[in-house]
Amino acid sequence: KGGSDCSSSVCSNNVCAAPTCFDGVKNGSETDVDCGGGLCALCGAGKSCKGGSDCSSSVCSNNVCAAPSCSDGVKNGSETDVDCGGGTCAPCGTGKSCRANSDCSSNSCNSLVCK
């Protein structure tokens, strides 16, 4: 008769529905509503997670997805390499990935590598 009658928490026309990544309910393997768990989209900052693979930032701290930062040890957000470049973090050193000269401390990006 209702979602509480179903293991998926979704009832449609008096029939329990299978969990989907678009049903507005945390169910199936999801770690938060319609995200995470390996089958649905990655979860954004502040959403529940079991590991970095559940999060768009690739960082899960205390079972919550963290926002990308310039000190998290992961290439995420707008960074061009781990914790550098991309206009939001400090410029990258020689040998690190880049997209523009401004991504590099040397101000020289050649073939997507700081020179």
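The values are calculated or read from the model by the stated rules, or taken from the named source; none is laboratory data. Keep in mind the model is a prediction, meaning the values are calculated, not measured. Neighbour counts run over all protein chains shown; Cβ positions are idealised from the backbone, glycine included. Side chains are part of the model used for accessible areas, which takes the heavy atoms of the whole protein and leaves out ligands, DNA and RNA. Shrake-Rupley method; radii C 1.70, N 1.55, O 1.52, S 1.80 Å.
Here are the numbers:
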{"read-out": "Residue among GLY86, GLY38 that alone is assigned to a loop (DSSP other than H, G, I, E, B), under 26 Å from CYS21 (Cβ atoms) and free of Cβ contacts under 8 Å to residues at least 24 places away in the same chain", "value": "GLY38"}
{"read-out": "Residues being touching an Asp or Glu at 6+ places or on another chain (Cβ under 7 Å) and open to solvent by 80 Å² or more (accessible area, probe 1.4 Å) - total across the stretch 1-53", "value": "4"}
{"read-out": "Single residue of CYS84, CYS6, CYS60 found to be touching a strand residue (DSSP E or B) at 6+ places or on another chain (Cβ under 6 Å) and at pLDDT 95 or above", "value": "CYS84"}
{"read-out": "Selection count, the stretch 57-68, where residues are open to solvent by 40 Å² or more (accessible area, probe 1.4 Å) and under 22 Å from ASP103 (Cα atoms)", "value": "3"}
